[in-house]
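All remarks here apply to the structure that follows.
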Amino acid sequence: MLSFTACSSDDEDDNAAAHLVNKKWQLAEAKVTSPLPIDFYEDLTTCEKDNTLEFKDNNILLLDEGPSKCNPDDAQQEQGAWSISGTTLTLSGVDLGLPISEIKLTVTESSATTLKGTFQETYQGTPVKGKVALKAL
């Protein structure tokens with residue numbers, strides 16, 4: 001999936017992006033570790049856990065509601081954006097079950113089937129640290 005090194009040239013970013021696209025991914029973990037530990041993934045309902053993400057060309061990120069929609073009136077898909085710069089994967093405009101709409105993940109592990117990353121964001125003026133994991137379907 002992603003192949004990261006300490007360098008961050010455009011060629012490496014393009015190669016990493018090529019490994020992300022045209023696969024469906026599912027959230028496997030979404031936790032805040034600081035200031036207070038909260039497992040947001042555990043709090044998701046079954047109809048949220050079957051949602052998928054698809055990284056498309058032109059930095060389009062599609063969130064699909066999956067086979068079981070929580071609200072039948074919701075759109076089947078919503079569109080966000082993604083980008084890679086070095087080891088930072090930015091996801092925005094889609095709900096990952098966390099209380100932030102844009103997340104910058106520092107990729108800590110990647111393979112053809114797994115993506116794991118950590119983040120440091122600010123939520124309502126409070127610094128928040130956590131981790132996210134995705135699995136390829």
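The values are calculated or read from the model by the stated rules, or taken from the named source; none is laboratory data. Remember, predicted model here, so these are calculated numbers, not experimental data. Quick reminder, even Gly has a Cβ in these numbers, built from the backbone with ideal geometry, and neighbours come from all protein chains shown. All accessible areas refer to the heavy atoms of the entire protein, side chains included, with ligands and DNA or RNA removed. Shrake-Rupley method; radii C 1.70, N 1.55, O 1.52, S 1.80 Å.
Worth a mention:
- Across the accessible surface of the chain, with the other protein chains kept in place and a 1.4 Å probe, carbon and sulfur atoms take up 47 percent.
- Among 88, 46, 118, the largest mean-square fluctuation in a Gaussian network model of the chain (Cα springs under 10 Å) belongs to 46.
- Here the dipole of the chain is about 380 debye; that uses its Cα centre as origin and unit charges on the Cβ of Lys and Arg (positive) and Asp and Glu (negative).
- 1.4 Å probe accessible area per residue over the chain, in Å²: 54
- Highest-fluctuation residue, 117, 93, 125 considered, GNM on the chain with Cα pairs under 10 Å: 125
- Only helices enter the 222 nm calculation for the chain: every DSSP H run of n ≥ 4 contributes -39,500 (n - 2.57), and dividing by all residues gives -3500 deg cm²/dmol, rounded to 500.
- Mean separation of Cα contacts under 8 Å, 6 or more apart, over the residue count of the chain: relative contact order %: 27
- Note that the chain carries a Kirkwood radius of 15.3 Å, evaluated over its alpha carbons pair by pair.
- Annotation for residue 123 and residue 19: the two label points, set 7 Å from Cα along the Cα-Cβ direction, are 2.9 nm apart.
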